[in-house]
Amino acid sequence: MHTDRNALFENLWQDYRAVTPSAAKIHRILGAEEGQAIINDHIALRTFNLKPVGLDTLAAHFLALGYREGGEYHFEGKKLYARHYEHADPEAPKVFISELLTEQCSPELQAIASQLVDGITDDKVTADNFLYSGRHWDLDSSTYRQLLEESEYAAWLGAWGYRANHFTVSVNHLTNFETVTDINQLLKDKGFAVNAAGGEVKGSPEELLEQSSTMADRVPVQFSDREMTIPSCFYEFALRYKKPNGTLYSGFVAASADKIFESTNAGI
Ligand code: OOG
Ligand code: NI
């Protein structure tokens, strides 16, 4: 496990931007407009709730860096459970980790998922690079399609494995953009697709969090039998509001998160 937080996030970022060309472009555009570093609000990771790769295994990498557990979230329709982790340093990105509750899925999906994670050993999941190590298994295009029919989440995870699913710009730290609507306008002006599920702006000042995201890029992926162009990762934008005690809200909003997950929907 990394002992240097910056090294972990730098590796996660490099791995993510390599498969998310639009995030690399938007980051460059925002950086040029701002003339200063872009601060991340959070990243997100996905996994199966199977040993040895469950949520807690991923979280251990952050607990070792001084993070502590924040809220927990349930997504009944998507059969997901999630928790967020946060750090005392306000510039440390929060981390949103979800896991697929495989026992609620079909026997076929359960069989595929357990086969995928079968070869993953304990030393692999504690290695420095685990959180950006990608896929640890072979996958053919028909198995990808089979997963997709039952769970967009399972299909994404099957295709991409362990890596940041998205990075999220902290709108609070921007000086030239005040609202999520401003960001959405920039994205649309520059030709990027904004996730409109549940509305382009998710959440509200009352919920203390407003968010938006791009739709994931579509990039070619090599499966064991053929190449397919499928959704990779997306970029998110978050604006946090102050709680009555004057500090910024640091949690997530389940109803908004439910729609953010759909930024990787394949639509095929
Ligand atoms: C996580 C979706 C939830 C948020 O900010 O609410 C989320 C995911 O797509 O893996 O990131
Ligand atoms: Ni997010």
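Every number in this text was worked out from the coordinates using simple rules, so none of it is lab data. Keep in mind it's a predicted model, so treat the numbers as computed, not measured. Using ideal geometry, Cβ is built from the backbone for each residue, glycine included, and neighbour counts are taken over all protein chains shown.
Determine the calculated [θ] at 222 nm for the chain from helices alone, applying -39500 (n - 2.57) to every DSSP H run no shorter than 4 residues and normalising by the residue count; nearest 500 deg cm²/dmol. Numbers along the way, then the final one.
Numbers: 9 runs with 90 residues, N = 268.
It comes out at -10000 deg cm²/dmol, rounded to the nearest 500.
Which net charge results when you count Lys and Arg as +1 and Asp and Glu as -1 among the other residues whose beta-carbon is under 14 Å from that of LEU157? Counting the neighbours of LEU157, the net charge comes to +2.
Checking every one of the chymotrypsin sites (Phe, Trp or Tyr not before Pro) in segment 54-120 against DSSP loop status and a limit of 15 other Cβ atoms within 10 Å picks out no site at all.
Out of SER114, LEU186, ASN40, whose Cα points farthest toward the positive end of the dipole of the chain (charges: +1 Lys, Arg; -1 Asp, Glu; placed on Cβ)? Of SER114, LEU186, ASN40, it is LEU186. Across the options LEU147, TRP160, VAL219, the greatest Cα extent toward the positive end of the charge dipole of the chain (unit charges at beta carbon of Lys, Arg, Asp, Glu) belongs to VAL219.
Where in segment 107-211 are there trypsin sites (Lys or Arg not before Pro) that are in a DSSP coil and have at most 14 other Cβ atoms within 10 angstrom of their Cβ? Present the calculation step by step, with values, prior to reporting the outcome.
Working: sites: LYS124, ARG135, ARG145, ARG163, LYS188, LYS190, LYS202; in loops: ARG135, ARG163, LYS190.
Sparse-neighbourhood loop trypsin sites (Lys or Arg not before Pro): LYS190.
Given their separation in residues at 0.36 nm each and the Cα-Cα distance between them, ALA254 and ASP189 gain 20.5 nm when the chain is fully extended.
Note on segment 5-264: Lys pairs 8 or more places apart or on different chains, Cα atoms under 25 Å apart, count 29. Put a dot 7 Å past the Cα of ALA111, heading toward its Cβ, do the same for ALA60, and the two dots end up 3.0 nm apart.
Can you say what percent of the DSSP beta bridges in segment 5-264, counting only those with both residues inside, are antiparallel? Round to 5. Antiparallel bridges: around 75 percent, rounded to the nearest 5. When segment 5-264 is described by a simple charge dipole with +1 on each Lys and Arg Cβ and -1 on each Asp and Glu Cβ, the residue from TYR16, VAL171, ILE29 located farthest towards its positive end is ILE29.
Fewest neighbouring Cβ atoms within 10 Å first, the residues SER98, SER142 line up as SER142, SER98. Potential lengthening of the chain between THR126 and ASN6 amounts to 41.4 nm, from the contour at 0.36 nm per residue minus the alpha-carbon distance. For segment 55-150, applying the loop criterion from DSSP together with a ceiling of 14 other beta carbons within 10 Å to the GluC sites (Glu not before Pro) yields GLU76, GLU91. The slack in the chain from ALA18 to GLU91, taken as 0.36 nm per residue of separation less the alpha-carbon distance, amounts to 23.9 nm. FRET efficiency for the pair GLN222 and GLU69, taken as 1/(1 + (r/R0)^6) with r the Cβ-Cβ distance and R0 = 51 Å, rounds to 0.90. Using only side-chain charges placed at the Cβ, +1 for Lys and Arg and -1 for Asp and Glu, the dipole size of the chain relative to its Cα centre rounds to 300 debye.
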